[in-house]
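Following: one structure in structure tokens, then a few remarks.
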Amino acid sequence: MGILDGKVAIVTGAGQGIGRGISLALAKEGAAIAVAGRTESKLHKTVAEIEEFGGRAIPVRCDVSVADDITATVETTVAELGAVDIMVNNANDSKPGKLLDVVDADFERAFASGPMATLRFMRACHPHMVARGGGSIVNLVTSASVRWDASNYGVYGSIKEGTRVLTRAAAAEWGRDGIRVNNVAPHAVTPALEWWMDKNPEEAEAFVAGIPLGRVGDPESDIGRAVVFLCSEDSRYLTGSTMPLDGGQSRWG
């Protein structure tokens, strides 16, 4: 018996990294997962991992920057899995960079795959969650938004802060519908982070040294398990919050 038995979740960017870890953690607690993302081979791999331990999952190809893909993802999930109880907005196409180096297209792509996609998914899921008597939405943001030195993080941090505001608004507006909406701000091992650490060993060592718990988080056991909590009855009185999952590195307040 899992604490999410009978629940249905959509997780974007679920073919690798944090999205994969969250998908595995939710599935191990009984949720059926719509594994959404752009690369079908990665989606099928995550689905196979879930099915290997007896979980239920379907792959759904989705580019979150495309409105029609978002609508189709929600419709496919309801048609094949029967409902939507949990929405995890993880996917985002945004990279660090100096403000003078960022071109307009970079910002527009980051916005489309970030706050815009999050809003579209939340609105598309809303009626289905209302029909179920409520639901849980978890949006991924970043501690880069609250760094004293925001150099290189202007675009990335700003679009994630946009998502944080959407989260608080949805929590306030939809609480009476039984829908809780929270953020997590993770540091976790991902293919992109591993690549950066390999290419920049001295900076990577300093980065890890600045984490009080002394390590980078695991996508499933550190990030995914926290998302399980946010989607369970154990957190039924928590909404509109941002949970820093960064080993104590950031200074939220």
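The values are calculated or read from the model by the stated rules, or taken from the named source; none is laboratory data. Keep in mind it's a predicted model, so treat the numbers as computed, not measured. Neighbour counts are summed over all protein chains in view; Cβ atoms, including those assigned to glycine, are modelled from backbone coordinates with ideal geometry. Quick note on the areas: whole protein, heavy atoms, side chains included, nothing else; ligands and nucleic acids left out. Shrake-Rupley method; radii C 1.70, N 1.55, O 1.52, S 1.80 Å.
Exceeding 18 Å between C-alpha atoms, which entries from my cross-link table qualify? They are Lys95/Lys160; Lys7/Lys160; Lys28/Lys160; Lys95/Lys199.
Listed pairs above 18 Å: Lys7/Lys160; Lys28/Lys160.
Using only the alpha-carbon atoms, how far is helix 117-131 inclined from the longest principal axis of the chain? Give it as 0 to 90 degrees, nearest 10.
Helix 117-131 sits roughly 20 degrees off the main axis of the chain.
Nearest 0.05, what FRET efficiency do Gln249 and Val165 give at R0 = 25 Å with Cβ-Cβ as r?
The value I calculate is 0.65.
What value, in deg cm²/dmol to 500, does the helix sum -39500 (n - 2.57) over DSSP H runs of n ≥ 4 give at 222 nm once divided by the residues of the chain?
Only helices count here, giving -13500 deg cm²/dmol.
Return the label of the correct value of Rg and Dmax of the Cα atoms in Å, as calculated from the structure shown, out of [x] 18.4, 62; [y] 20.9, 68; [z] 17.2, 53.
[z]
Might you tell me the accessible area per residue for the stretch 1-114, computed with a 1.4 Å probe and given in Å²?
Per residue, the stretch 1-114 has 46 Å² of solvent-accessible surface.
So if R0 is 35 Å, what FRET efficiency would Ala209 and His44 give, r being the distance between their Cβ atoms, rounded to the nearest 0.05?
0.40
Hey, what do the phi angles of the stretch 195-209 turn into as Karplus ³J(HN,Hα) couplings, whole Hz, using 6.51/-1.76/1.60 and θ = phi - 60°, x for Gly and Pro?
Whole-Hz 3J(HN,Hα) from phi for the stretch 195-209: 4, 5, 5, 5, 7, 10, x, 5, 5, 5, 4, 5, 4, 5, 4.
Carbon and sulfur: what percent of the stretch 101-253's accessible surface (1.4 Å probe)?
53
Rounded to a whole number, what % of the accessible area of the stretch 40-84 do carbon and sulfur atoms account for, probe 1.4 Å?
Carbon with sulfur: 45 percent of the solvent-accessible area.
Could you work out how far helix 67-81 tilts from the main Cα principal axis of the chain, as a 0 to 90 degree angle to the nearest 10?
40
Relative contact order for the chain using alpha-carbon pairs under 8 Å, separation at least 6, rounded to a whole percent?
Result for the chain is 21 percent.
If you place +1 on the Cβ of every Lys and Arg, -1 on the Cβ of every Asp and Glu, and leave all else neutral, what size is the dipole of the chain about its Cα centre, to the nearest 20 Debye?
Computed charge dipole of the chain: roughly 540 debye.
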